[in-house]
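The values are calculated or read from the model by the stated rules, or taken from the named source; none is laboratory data. Here the structure is a predicted model, which means the values were calculated and not measured. Cβ placement follows ideal geometry from the backbone for every residue including glycine, while neighbour counts extend to all protein chains displayed.
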Amino acid sequence: MNINTERLALTFTRLCETDSPSRSEGRMAALVTEMLCGIGADEPYEDDSALKTGSDCGNLFFRFPGELEREPLFFNCHLDTVQPGTGVKVVRKNDIFTSLGNTILGSDDKSGIAALIEALQIIREQNLPHIPMEYVFTTCEEIGLLGAKALDPGDIMAQTGYSLDSTGFGRVIIGAPAANRLRITVNGVAAHAGLHPEWGINAITLAAEALAKSPLGRIDAESTVNFGTIQGGAASNIVPEKVTIAGEVRSHSTEKLQHLTSEVKQAFVQVIGQWQDATGEARGVPGLDFQVEEDFPVMRLNNDDAVIQTVDQAARAIGMDLRYEVAGGGSDANILNGRGLQTAIIATGMTHVHSTDEEVSLQDMADLTRLLLALMT
């Protein structure tokens, strides 16, 4: 089918130049609604997830009954972008889109949204019969998949679908790790570092010792551990009384995830438990607050799953080669699969995401639209 690439380019540019940082997706939600309703979509259903996410809008659900008697599918994109994503100006050189260089571009995830809009435009223009389908647009994906976590799976009629949200092109993601988010607080005792250091307990040195004993980095082919931020202390002349560390554990194995999380905790428990007051003058004892939050569940699909069979047949029908891969990141698809909605991830062509070097090609977005049309019709 012929894709109107110039219209697709204009749609993509307009989407990218509409600010939508996490928790401020309202303008993007209004624009997507305007564009889709302008080509015949019914008004969307907006859920009450904003009460949980803190966004200025909820998740959006567009429903299209369809004429073909086939199993329905849903298509998911997220509305938000990372920072710096305010005041984006799109630059087009031939058929490559970038930003001016002082912001991200926003192809994550607006390349997927643009392809969905163009696919519906073609269906309406050519009166193409299509399957029953839904467009599901979530909020706050970039800050912890919050919109998807707040979503009621009963609001999605289809049981299988696709998240359009990964780098490269011709890739279908069939596996992604589970993750635990860690928030670790080491409590010491403050004291004047010059006058009475022996009265204090240095939370920074305790945290450093525990971190040195913890697993870190690439553990094996399935698992990673990272400590991303550390905050603590008040001044160079004060023994620091508190340190807070944010970290994560990821693994494609639930058992390894729990084991590594326990290893990290044990390292901190051991250091705190073995602390000794060398001078006998410390005015207190150290403490530990170790919090673990499930960030997202593991995603694992098989080649014979309906969602994989369907996209494979669609790609073959248009002569497109797909690669089926396992990824290391989490997305809305992890949450949707965890809620019983079989979801694969389709790459949209975006590259260098979450950076000011982000880019995407018009050809990849056009080919994505072709694949979507094959799935829909």
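Taken over the range 329-349, the residue count meeting the criterion of being touching a His at 6+ places or on another chain (Cβ under 9 Å) and assigned to a loop (DSSP other than H, G, I, E, B) is 1.
Residues are listed down the side, and each one gets a yes or a no for (1) under 19 Å from ALA176 (Cβ atoms); (2) surrounded by 18 or more Cβ atoms within 10 Å (Cβ to Cβ):
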position: ALA314; (1), (2): no, yes
position: GLY319; (1), (2): no, no
position: GLY328; (1), (2): yes, no
position: ASN337; (1), (2): yes, yes
position: HIS352; (1), (2): no, no
position: ASP364; (1), (2): no, yes
position: LEU372; (1), (2): no, yes
position: MET376; (1), (2): no, yes
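If the condition is being closer than 19 Å to PRO21 by Cβ and either β-branched (Val, Ile, Thr) or assigned to a loop (DSSP other than H, G, I, E, B) (or both), then the range 48-62 contributes SER49, THR53, GLY54, SER55, ASP56, CYS57, GLY58, ASN59.
Looking across LEU116, LEU60, one residue alone is buried (at least 22 other Cβ atoms within 10 Å of the Cβ) and touching an Asp or Glu at 6+ places or on another chain (Cβ under 8 Å). It is LEU60. Quick check on my filter: what residues within the range 354-377 are more than 23 Å from TYR135 (Cα to Cα) and either part of a loop (DSSP other than H, G, I, E, B) or outside the structural domain of GLU67 (by TED's automatic domain parsing) (or both)? Of everything in the range 354-377, those that are more than 23 Å from TYR135 (Cα to Cα) and either part of a loop (DSSP other than H, G, I, E, B) or outside the structural domain of GLU67 (by TED's automatic domain parsing) (or both) turn out to be HIS354, SER355, THR356, ASP357, GLU358.
Screening the candidates LEU128, LEU211 for the property of being within 21 Å of VAL243 (Cα to Cα) and either outside the structural domain of LEU36 (by TED's automatic domain parsing) or not in a helix (DSSP H, G or I) (or both) yields one hit, LEU211.
Inclusion of LEU51 among residues that are over 23 Å from THR343 (Cα atoms), assigned by TED's automatic domain parsing to the domain that holds VAL91 and touching a Leu at 6+ places or on another chain (Cβ under 9 Å) is not warranted.
Scanning the range 63-106 for residues that are buried (at least 17 other Cβ atoms within 10 Å of the Cβ), assigned to a loop (DSSP other than H, G, I, E, B) and on the phi < 0 side of the Ramachandran plot returns PRO72, LEU79, ASP80, VAL82, GLY85, VAL88, THR103, ILE104, LEU105. Here's a check for you: in the range 214-228, which residue that is part of a strand (DSSP E or B) and hydrophobic (A, V, I, L, M, F, W, C) is farthest from HIS252 (Cα to Cα)? Within the range 214-228, the match that is farthest from HIS252 (Cα to Cα) is PHE227.
Among residues of the range 251-298 being surrounded by fewer than 16 Cβ atoms within 10 Å (Cβ to Cβ) and of a type in the set (A, V, I, L, M), the one that is nearest to ALA210 (Cα to Cα) is VAL269. The listed residues are GLU67, GLU34, GLU71, and the only one of them that is among the charged types (D, E, K, R) and in contact with a Pro (Cβ under 6 Å, 6 or more places away or on another chain) turns out to be GLU67.
With respect to (1) of a type in the set (D, E, K, R); (2) assigned by TED's automatic domain parsing to the domain that holds LEU182; (3) under 14 Å from the mean Cα position of the chain (by Cα), the lone exception for ASP332 is condition (2). When the criteria are applied in full, THR224 meets the requirement of being in contact with a strand residue (DSSP E or B) (Cβ under 6 Å, 6 or more places away or on another chain) and of a type outside the set (A, V, I, L, M).
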